[in-house]
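To start, the structure itself, in structure tokens.
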Amino acid sequence: MTYIINMQGVGRTFPGSVPVHALKDVNFMVSSGEYVTVVGPSGSGKSTFLNLIGLLDTPSVGTYLIDGIDPSTMGEKQRSALRGTRIGFVFQSFHLIGHQSAIANTQLGMVYNGVPRKQRITRARDSLARVGLSHREEAVAQTLSGGERQRVAIARALAGRPSLLLCDEPTGNLDSNNANSILALLDELHADDITLIVVTHDSEVAARGQRIVTVKDGHLSEKSQ
Ligand SMILES: Nc1ncnc2c1ncn2[C@@H]1O[C@H](COP(=O)(O)OP(=O)(O)O)[C@@H](O)[C@H]1O
Ligand SMILES: [Mg+2]
């Protein structure tokens, strides 16, 4: 069986007068359909780890295969095509275009990936329905509540039909009611066989995962279940 994520001996050092060893000797394998949470204090290396998984950054050492494919041998164009077809991102601060509608925001990733307009609209509608926002398609993003904005961001990530959804502190800017409804939505996506990696500094959010990985000073550890 091929792992969707297979990291061996991966490290990431940010160069500078005092280099930062943000991630050290990471061995990490994820099978399709797993729900993994990554927990650790601020500055421990969680976002660095997620950015490597999501092909937004490259390891300084070690090997990383995604679905058995080695992105290090690819040019940036190929890597971004790989990213666009397999990976969805959700961030703490939503990253929406405030003055555009929910449905326009949902199409953004697909615009970059060259999905034809008609197909984009169909997929955006389906994705907004998936996150329970069909009634808000035309609403301007900045008029939506925090929870609704995060739903739009999740719809945008899903519209690319990713097999892997990466979330960096997805509930970090939400009150507890909205946070709980986003976590419930992530549970549903997991039940639909999407592979989930959720980064958090919150142990309650971390407890939602099937596997809980801890990052401390750039080192990954995992208690066996
Ligand atoms: N682009 C960068 N250049 C230099 N240092 C960085 C960069 N990105 C992150 N770091 C450093 O790497 C460490 C881990 O950061 P990060 O992965 O963002 O942690 P977390 O997401 O757990 O808060 C921190 O010490 C941070 O300052
Ligand atoms: Mg972070």
(message) For the chain, take the longest principal axis of its alpha carbons; what is the angle in degrees between that and the long axis of helix 76-86, to the nearest 10 within 0 to 90?
(response) 60 degrees
(message) Between SER42 and HIS99, what is 0.36 nm times their sequence separation minus the Cα-Cα distance? Round to one decimal in nm.
(response) 17.4 nm
(message) Among VAL152, MET1, LEU166, which residue has its Cα furthest toward the positive end of the charge dipole of the chain, with +1 on Lys/Arg Cβ and -1 on Asp/Glu Cβ?
(response) VAL152
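For every helix of n ≥ 4 consecutive DSSP H residues, a contribution of -39,500 (n - 2.57) applies; sum these over the chain, divide by its total residues, and give [θ] at 222 nm rounded to the nearest 500 deg cm²/dmol.
The per-residue figure over the chain is -10000 deg cm²/dmol.
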(request) Obtain the nm distance between the two label points defined at VAL20 and GLN142 by a simple spin-label model: each point lies 7 Å from its Cα along the Cα-to-C-beta direction. (result) 3.0 nm
(request) Mind giving me the nanometre distance, one decimal, between the label points for ASN113 and THR73, set 7 Å out from Cα along Cα→Cβ? (result) 2.4 nm
(request) Return one number: the angle in degrees, 0 to 90 and rounded to the nearest 10, between the long axis of the Cα atoms of helix 146-159 and the longest principal axis of the Cα atoms of the chain. (result) 80 degrees
(request) Hey, can you grab everything whose amide H is under 5 Å from the amide H of VAL90? Only 5+ residues off in sequence or another chain; H modelled, so Pro and N-termini drop out. (result) LEU166, CYS167, ASP168
(message) To make sure I understand the rule: partners must be lysines, Cα under 29 Å from the Cα of LYS24, and not fewer than 8 residues away in the same chain. Which ones qualify?
(response) LYS46, LYS77, LYS216, LYS223
(request) Could you tell me whether the range 78-171 comes out rounded, prolate or oblate from its Cα gyration tensor? Rule is a ≥ b ≥ c as square roots of the eigenvalues, rounded for a/c under 1.5, then prolate if a/b exceeds b/c, otherwise oblate. (result) oblate
(message) Out of all Cα-Cα pairs in the chain, roughly what percent, to the nearest whole number, are more than 32 Å apart?
(response) 17 percent
(message) Rounding to the nearest 10 and keeping the result within 0 to 90°, find how far the Cα-based axis of helix 117-130 lies from the longest principal axis of the chain.
(response) 80 degrees
(request) Along Cα→Cβ, 7 Å out, is where each label goes; now give me the distance between the ones at SER32 and ALA184 in nm to one decimal. (result) 3.0 nm
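Every number here is computed from the coordinates shown, using simple stated rules; none is lab data. Fair warning: this is a prediction, and the values are worked out from it, not measured in the lab. Cβ coordinates were reconstructed from backbone atoms using ideal geometry, including for glycine residues, and neighbour counts include every protein chain displayed.
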